[in-house]
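First comes the structure, then the notes that go with it.
No lab work stands behind these numbers, since they all come straight from the coordinates. Since the model is a prediction, treat every value here as computed from it, not as a measurement. Don't worry about glycine lacking a Cβ; one is built from the backbone with ideal geometry, like all the others, and counts go over all protein chains shown.
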Amino acid sequence: MSGSGRARTKHFSAQFGSGLIFWARAKLYNACELTLDPNTAHRGLCLSEDNRKVTRVGEDQSYPDHPERFDSWPQVLCREGLTGRCYWEVERRGHVYIGVTYRGITRRGCGQNWLGGNSKSWSLYCDDDGYSVWYNDSRIRLCPSGSTRVGVYVDRPAGSLSFYRVSPGVGGSSDTLTHIHTFHTTFTQEDLLPGFRFWSCFGSSVSLCGL
């Protein structure tokens, strides 16, 4: 699925290495309506009834066996595949990985089949102290977090995956999106899916935000 086709306006601010701030008002993007896929959810994750929120829990859930379910890493994917240009936002609590993966990521065993641990996936790790990005088991440490909301923008034609810190506007002003990191790659034709990974920090959660 590509974006829903609705043009949305955000107030982008991108932080570059030089320290300069680039402001781009009236940035257009395609907002994606996403839902979590219960068939992929690890049993240590609890999904809300509307499949829009996932919480790390200490008691295994009674999910039925399914070939697409992660059986070792506490991860869950979204149902909707990403095509074209897609943007979505999540609200996170605690320690979480926000990522994108090819559908063919391995679901069984505890090897490198976690988001960002292989060549099939990319992720942004978030906690209250800061961010880091992961690809193919390689980490880059980044800036302090400062916000619990993250925006993700995939541009498949351009081969880019970008993460943004979303700061709410004050007094009715538009939100500010501060650039965190962009991965550059050449996407294959395989389905791309949003996904989330957790540590053993029970109570950590991710909610898909309405736009």
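Going through Ser162, Ser147, Ser174 one at a time, which residue ends up being part of a loop (DSSP other than H, G, I, E, B), of a type outside the set (Phe, Trp, Tyr) and under 18 Å from Leu208 (Cα atoms)?
Testing whether each residue is part of a loop (DSSP other than H, G, I, E, B), of a type outside the set (Phe, Trp, Tyr) and under 18 Å from Leu208 (Cα atoms) leaves just Ser147.
Restricting region 149-165 to residues that are hydrophobic (A, V, I, L, M, F, W, C) and closer than 16 Å to Leu34 by Cβ, which is surrounded by the fewest Cβ atoms within 10 Å (Cβ to Cβ)?
Among those that are hydrophobic (A, V, I, L, M, F, W, C) and closer than 16 Å to Leu34 by Cβ, it is Val152.
Out of all the residues in region 186-200, which are under 22 Å from Arg107 (Cβ atoms) and surrounded by fewer than 16 Cβ atoms within 10 Å (Cβ to Cβ)? Lay out the reasoning, then the answer.
Taking region 186-200 as the starting set, the residues that turn out to be under 22 Å from Arg107 (Cβ atoms) are 187-200.
Correct list: Thr188, Gln189, Glu190, Asp191, Trp199, Ser200.
Can you find a residue in region 129-144 that is assigned to a strand (DSSP E or B), out of contact with any Asp or Glu (no Cβ under 8 Å at 6 or more places or on another chain) and small (Gly, Ala, Ser)?
There is at least one residue in region 129-144 that is assigned to a strand (DSSP E or B), out of contact with any Asp or Glu (no Cβ under 8 Å at 6 or more places or on another chain) and small (Gly, Ala, Ser).
Applying the selection to region 117-145, what residues are in contact (Cβ under 8 Å) with a residue 40 or more places away in the chain and buried (at least 19 other Cβ atoms within 10 Å of the Cβ)?
Ser121, Trp122, Ser123, Leu124, Tyr131, Val133, Tyr135
Between a first residue in region 99-111 that is more than 10 Å from Leu193 (Cβ to Cβ) and a second residue that is among the hydrophobic types (A, V, I, L, M, F, W, C), which pairs have beta carbons less than 8 Å apart while being 6 or more apart in sequence or on different chains?
Arg107/Phe70; Cys110/Trp73
Considering only residues that are touching a helix residue (DSSP H, G or I) at 6+ places or on another chain (Cβ under 9 Å) and within 22 Å of Gly94 (Cβ to Cβ), which ones fall in region 45-71?
Answer for region 45-71, where residues must be touching a helix residue (DSSP H, G or I) at 6+ places or on another chain (Cβ under 9 Å) and within 22 Å of Gly94 (Cβ to Cβ): Leu47, Asn51, Tyr63, Phe70.
Scan region 74-101 for residues that are among the acidic types (Asp, Glu) and in a strand (DSSP E or B) and jot them down.
Answer for region 74-101, where residues must be among the acidic types (Asp, Glu) and in a strand (DSSP E or B): Glu89, Glu91.
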